[in-house]
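Everything below concerns the one structure shown next.
The values are calculated or read from the model by the stated rules, or taken from the named source; none is laboratory data. The shown structure was predicted, so the numbers you read here are calculated from the model rather than taken from an experiment. Note that each Cβ is placed from the backbone with ideal geometry, even for glycine, and that neighbours are counted across all protein chains shown.
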Amino acid sequence: MSDKFYKVLLFVVALVMPLVCGGIVYALVTDAYDAFEHFGFFKFLTSKEWSYTDGAEQYGALPFITGTLMTTLFALIFCIPFSLPVALFVGEYFKGTKIAAILSTVTDLLAGIPSIIYGLWGFYTLRPFIMALNISPQGSGVLTASLVLAIMIVPYAASLSAEFIKMVPNDLKEGAYSLGATRAEVIRKVVFPVAGSGIFSSYILAIGRALGETMTVTMLIGNTNNIPESITSTGNSMASIIANQFGEADDLRLSSLIAIGLILFLITAFINLIGKIMIKRARIA
Amino acid sequence: MNNIFKSVMTIALAVMTVACGSNVNKADREPQELSGAGATFPLPFYNVVFEQFGLVSGDQVAYGGIGSGGGVRNLRDKIVDFAGSDAFLSDKEMSDMASVVHIPTCMGAVVLAYNLDGISELNLSGEVIADIFAGNIKTWNDERLAALNPDVTLPAEAIIPVFRSDGSGTTFVFTDYLTKVSPMWASNFGAGKSVNFPSGQAAKGNPGVAGVIKQTKNSIGYVGSEYAFAQKIPYARVQNQQGEFVLPSSASISAAASGEIPADTRCSITNSDAIGAYPISTFTWMIIYKEQNYSDRTKEQAVATLDLLKYILSDEAQHITSEVHYAPLPAKAKELSLINLNAVTYDGVSILQ
């Protein structure tokens, strides 16, 4: 009796999540439909106009897609030199030691800091620093947002990569050592090839995190509706344009913002799916 | 950012004070909870007024500073008792919703706040402002700026214009002024709550823009005067139609409203031709529905809404305006507003008569 009851209960609870997810997609698609119908799906994706003039409204997602992809890409590039050494330190060089445990705990702590705190730090500390270095006159822009994003995704990339590096079988490494390989050679020739797809997938999941980050990016990217011309230019990401303009948007603009939300949802879902598949492969291998 | 914190604390304090003081209810009805949303521009004034109103009537007023655009949208969605807006509704916007009444609450100035090392005096003219925000004047030592400021040495640095990223009545007032003084601005950008500024960077809300200016050397942006004052950012004198360079003050803002005011009080007072007028001045309005019975609102709630507006129009509340760097309404605007309030109904019956 009670066994059956639990089975039914679990089934119902498990069903809620896919239903919620389906509901979100349904709501996004129905609300975004106006924008896609009015501008055409591909035109909406490729137009760089974002103009509010009454009667001649033109909304296109290209500047924001570019902004999101640029901040995410640079965040990923800046994140690698910090997260990979941490992963090697924790997973290989100091595997199982106390200092490795401390380092990985501290890195994981970074994941728990609210994004508004990162935003404030970026705004009051990093931004003046970038201005002082004369990298960009206004301080905010793609570069500033990417740097802070990079720090935010380090824990995601580092802790998962460390797990995969730990999983590399000792037999393989010992075999390499017995052939006279140095530690650096073992890491290059054995650890990376074996743990490679796992490490890759951990970066994919980190990207998934960076894509949707809203608060930090809104505070640091400069919020201008243009395609960033260079890494120091200001721009807007898909999440930040929604955060900035959702409050007063209506009709076509609201629909366009929701359409951007839908595109962001699809990109994030796609990236996460790739990550999940890669992890599965890495585990099997 | 400090200013956001201050506003939040003021609201928290106001709520606490009101909560404690609710037993001093002087109105002969149950205390009501009113909610409004909209412009951040008059927020410092509203914080004080709502607190005072709470002491007098026992009603609590919650106001979300989400920008004029957001406030009007909330009113159209019928989820607030009133909207705050620095831009009056256009005829087209009004035709999209049930009929509304505009009640001006105070006057204020949009100031050009700037961050320049060691410079605390700056003269600007309308056309120069338009060219700065259009990206035509790119550096501080531009000869047109130098001509306006013969006594000041401006640095050879790039100008960073700062503007609003959200829909904003402050943007409307500012671009309405630029549209009047600069044909270049009128044909390329126009006036609106959201305008596509071509250069610089944007931030959300008046506090956001003030924060960015405060933190960014060589920047210039437009904010409600109180925000520049609270952050201790210097602001420019702006040349009016009479050729005078005027600082925003209660007197110079009042001078801008000396002209005709239409019966529904929807009028722009930017670029006033009066002597001593600060040219980027504006009324700020509260907008309510003419028929107050909507979204299951009770009659008492409607009465409380009108009590709030009457209180704001009273001498007692208007006296507060100049203390927080706004200006009191001219007598004519008060007179018209009281007439307009008489037309507000509940179930078709006038509430005040």
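Summary of values
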{"item": "Subset of the stretch A:225-243 (residues that are crowded, with 24+ Cβ neighbours inside 10 Å and in a loop (DSSP other than H, G, I, E, B))", "result": "A:ASN225, A:THR234, A:ASN236, A:SER237"}
{"item": "Test result for B:ASP117, free of Cβ contacts under 8 Å to residues at least 24 places away in the same chain, within 14 Å of another protein chain (Cβ to nearest Cβ), surrounded by fewer than 24 Cβ atoms within 10 Å (Cβ to Cβ) and acidic (Asp, Glu)", "result": "no"}
{"item": "Among the candidates A:TYR93, A:TYR59, residue that is at pLDDT below 95 and in contact with a Leu (Cβ under 9 Å, 6 or more places away or on another chain)", "result": "A:TYR59"}
{"item": "Scope the stretch A:72-127; condition aromatic (Phe, Trp, Tyr) and either on the phi > 0 side of the Ramachandran plot or part of a loop (DSSP other than H, G, I, E, B) (or both); matching residues", "result": "A:PHE94"}
{"item": "From the options B:ASN188, B:ASN218, residue that is out of contact with any Lys or Arg (no Cβ under 6 Å at 6 or more places or on another chain), on the phi > 0 side of the Ramachandran plot and not β-branched (Val, Ile, Thr)", "result": "B:ASN218"}
{"item": "Residue selected from the stretch B:89-112 under the condition part of a loop (DSSP other than H, G, I, E, B) and not hydroxyl-bearing (Ser, Thr, Tyr), by the criterion farthest from B:LYS310 (Cα to Cα)", "result": "B:ASP96"}
{"item": "Cβ pairs under 6 Å, 6+ apart, first in the stretch B:189-217 and more than 20 Å from A:ASN134 (Cα to Cα) and within 7 Å of another protein chain (Cβ to nearest Cβ), second surrounded by fewer than 20 Cβ atoms within 10 Å (Cβ to Cβ) and at pLDDT below 90", "result": "B:ASN196/A:SER51"}
{"item": "Helices (runs of 4 or more DSSP H) within the stretch B:215-326 that include 1 or more residues closer than 27 Å to B:VAL181 by Cβ, of a type in the set (Phe, Trp, Tyr) and at pLDDT below 95", "result": "B:225-230"}
{"item": "Unique residue being away from every other protein chain (no Cβ under 14 Å) and either under 21 Å from A:SER115 (Cβ atoms) or at pLDDT 90 or above (or both) when the list is A:ALA206, A:ALA282", "result": "A:ALA206"}
{"item": "Members of the stretch B:61-88 that are within 28 Å of B:GLY348 (Cβ to Cβ), more than 14 Å from the chain's Cα centre (by Cα) and either more than 14 Å from chain A (Cβ to nearest Cβ) or part of a loop (DSSP other than H, G, I, E, B) (or both)", "result": "B:VAL61, B:ASP77, B:LYS78, B:ILE79, B:VAL80, B:ASP81, B:PHE82"}
{"item": "Every pair of residues 6+ apart whose Cβ atoms lie under 7 Å, when the first sits in the stretch B:156-167 and is at the interface with chain A (Cβ under 7 Å from one of its Cβ atoms) and free of Cβ contacts under 8 Å to residues at least 60 places away in the same chain while the second is surrounded by 23 or more Cβ atoms within 10 Å (Cβ to Cβ) and in a strand (DSSP E or B)", "result": "B:SER165/B:ALA202; B:SER165/B:ALA203"}
